[in-house]
Amino acid sequence: MIGYAAAFGAGLLFGIGLWISGMATPRKVLDFLDVTGSWDPSLALVMAGAVSVTLSASTPEILSSP
Amino acid sequence: MTIDNFTPLPALAGGALIGLASVWLLIANGRIAGVSGILHGLFAEPPGDRLWRAWFVAGLIAAGFTWHAFAGSAPIRQGFGLGWVALAGLLVGFGTRMSGGCTSGHGVCGLGRLSLRSLVAVALFMAAGMAATFVARHVLGLPS
């Protein structure tokens, strides 16, 4: 039961993060991919923000697993 | 190239929440928060491995309703009807399975584990996405 509640909470938090970051807006994702047009680098910063959290939480065991 | 719609602070803050959610799922359930993989497993994994996936997807959808309730109407894909959007979603699912993961699985989780395989995947699918966007917007002139 705890696992299911945690999964729901993780999905909720993930989704709120998507909306706050603007990545739930198709246009912002397209604007990131459109490097020759009106480029919107926001998606790169979303990934940077997320990876900095996952990276800092990575333990040596996680990093050594395939 | 022009840059006129960059939103750095919401991007960083939202990204941090996405990272937190991924770490949370890994610690609580021992699972990688790759959204395309979770959705795929909802249909392809044995029944015993499906319920937590359903709860995660329910959380994602609940976030959409929560945002809608507090921040107003959701932005939609302009210039295309529902049928086209559904077809596009199908292609997204097909593409993410081909690349073995998406921006969350390969990007947020894979790069966070310093996975070379994920780094190559992210570089390639971003490049392919940029090429596809160039063709769609600047060659075919599709609405954006």
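FYI, it's all coordinate maths here, none of it is from the lab. What you are looking at is a predicted structure, and each value in this text was computed from that prediction instead of being measured. Note that each Cβ is placed from the backbone with ideal geometry, even for glycine, and that neighbours are counted across all protein chains shown.
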Task: Relative contact order of chain B, pairs being alpha-carbon contacts under 8 Å that are 6 or more residues apart, as % - done: 25 percent
Open item on the list: Hydropathy at least -0.5 by Kyte-Doolittle, axial extent at least 15 angstrom from the Cα trace: which helices of chain B, defined as entire DSSP H runs, fit?
Closed with: B:8-29, B:51-71, B:82-98, B:116-134
Open item on the list: How much length would be gained if the chain were fully extended between B:L116 and B:A13, taking 0.36 nm per residue of separation minus their Cα-Cα distance, in nm to one decimal?
Closed with: 34.5 nm
Open item on the list: Treating only the Cβ of Lys, Arg, Asp and Glu as charged (+1, +1, -1, -1), what charge dipole size does chain B show about its Cα centre? Round to the nearest 20 debye.
Closed with: 180 debye
Open item on the list: Within segment B:96-129, list the residues whose amide N lies under 16 Å from a label point set 7 Å along Cα→Cβ of B:F80.
Closed with: B:96, B:129
TODO: Find which of B:L111, B:V35, A:S56 sits farthest along the positive direction of the dipole of the protein assembly as shown, computed with +1 on the beta-carbon of Lys and Arg, -1 on that of Asp and Glu, about the Cα centre.
DONE: B:V35
TODO: Just name one of B:T2, B:L140, B:L51: the one whose Cα is farthest towards the positive end of the charge dipole of the protein assembly as shown (beta-carbon charges, Lys/Arg +1, Asp/Glu -1).
DONE: B:L51
- [ ] Provide Rg over Rh for the protein assembly as shown; use the alpha carbon set for both Rg and the Kirkwood Rh (inverse mean inverse pair distance).
- [x] 0.96
Task: Added length on full extension, which subtracts the Cα-Cα distance from 0.36 nm per residue, B:M98 to B:F6 - done: 30.1 nm
Task: Three-way shape call for chain B based on the alpha-carbon gyration tensor, with the a/c threshold at 1.5 - done: rounded
